[in-house]
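Structure, as structure tokens:
The values are calculated or read from the model by the stated rules, or taken from the named source; none is laboratory data. If you're wondering where the values come from, they're calculated on a predicted model, not measured in any experiment. Cβ placement follows ideal geometry from the backbone for every residue including glycine, while neighbour counts extend to all protein chains displayed.
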Amino acid sequence: MTDTELIEETIAFVKETLRGAEGGHDWFHIQRVFRNSLHIAKDEEVNVLVVSLAALLHDIADAKFHDGDETLGPKIASEFLSSLGVQKEVRQHVLKIIENISFKNSLDKSKHEKFHSRELEVVQDADRLDAIGAIGIARAFNYGGYKNRELYNPDISPRPDLNKEAYKKSKSPTINHFYEKLLLLKDQMNTSTGKKLAEQRHQFLLDYLQQFYAEWNGER
């Protein structure tokens, strides 16, 4: 099976698996991350097949929709890639990216050695770009609505220093999520392309918050 055929099979699998998924983590999120990954990869020395497969499969079973199970996504991805006869080296690299891509895992301060590769950096940047800017804001409020969270509560202060477990358990208002994740992402980008693209999207977050607070406080 050619690389193009592998990717086409993976796209079909992901579309079907994520049918009916929450709007911020559906096929269209995957499609945006896939496209941005390929865009970023143009300026990086990476294995494009690994980048493509990891981008397409990175949210195949997001833990927050599966009772916090962080093993399910890699398991489903591994079984699918094995069924296609993907080389072991490629398959293992893709699984490592899936296991290490999330923001919450960056909050894990344990001393065990973290996996790192340029391919991970590319897909991670693409995923984080989709969490900021106009689409990032839409996704944040969509998920907040999905979890029936408050838009904003001035009596609940953001906690930008959350560790992994506290972040996973957080039920704070959606506006707090800006300070606990979204506004932190610009300075965590890995690639030069990712950093450049993040600048404008980060500024959009700041402009949005300024407008939000003005309307909240009844300013004319």
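So, in segment 69-90, of the ones that are farther than 20 Å from Glu16 by Cβ and surrounded by 11 or more Cβ atoms within 10 Å (Cβ to Cβ), which residue ends up nearest to the chain's Cα centre (by Cα)?
Glu70
Out of segment 171-207, which residues are more than 16 Å from the chain's Cα centre (by Cα) and surrounded by 17 or more Cβ atoms within 10 Å (Cβ to Cβ)?
Ser172, Pro173, Thr174, Ile175, Asn176, Thr193, Leu205
Looking only at residues in segment 152-164 that are assigned to a loop (DSSP other than H, G, I, E, B) and under 21 Å from the mean Cα position of the chain (by Cα), which one is surrounded by the fewest Cβ atoms within 10 Å (Cβ to Cβ)?
Here the residue is Asp161.
Restricted to segment 134-151, and to residues that are surrounded by 13 or more Cβ atoms within 10 Å (Cβ to Cβ) and touching a residue at least 60 places away in the same chain (Cβ under 8 Å), which residue is farthest from the chain's Cα centre (by Cα)?
Filtering segment 134-151 for residues that are surrounded by 13 or more Cβ atoms within 10 Å (Cβ to Cβ) and touching a residue at least 60 places away in the same chain (Cβ under 8 Å), the one farthest from the chain's Cα centre (by Cα) comes out as Tyr146.
How about segment 53-68: which of its residues are surrounded by fewer than 22 Cβ atoms within 10 Å (Cβ to Cβ) and either in a helix (DSSP H, G or I) or in contact with a strand residue (DSSP E or B) (Cβ under 7 Å, 6 or more places away or on another chain) (or both)?
Scanning segment 53-68 gives Ala63, Lys64, Phe65.
Does Val50 count as on the phi < 0 side of the Ramachandran plot, of a type in the set (A, V, I, L, M, F, W, C) and not in a helix (DSSP H, G or I)?
no
Quick check on segment 101-133: of everything there that is part of a loop (DSSP other than H, G, I, E, B), crowded, with 17+ Cβ neighbours inside 10 Å and not polar (S, T, N, Q), which residue is modelled with the lowest pLDDT?
Here the answer is Leu107.
Any residue in segment 77-88 that is part of a helix (DSSP H, G or I) sitting within a Cβ distance under 6 Å of a residue that is of a type in the set (Val, Ile, Thr)? List the pairs, counting only those 6 or more apart or interchain.
Ala77/Ile60; Ala77/Ile98
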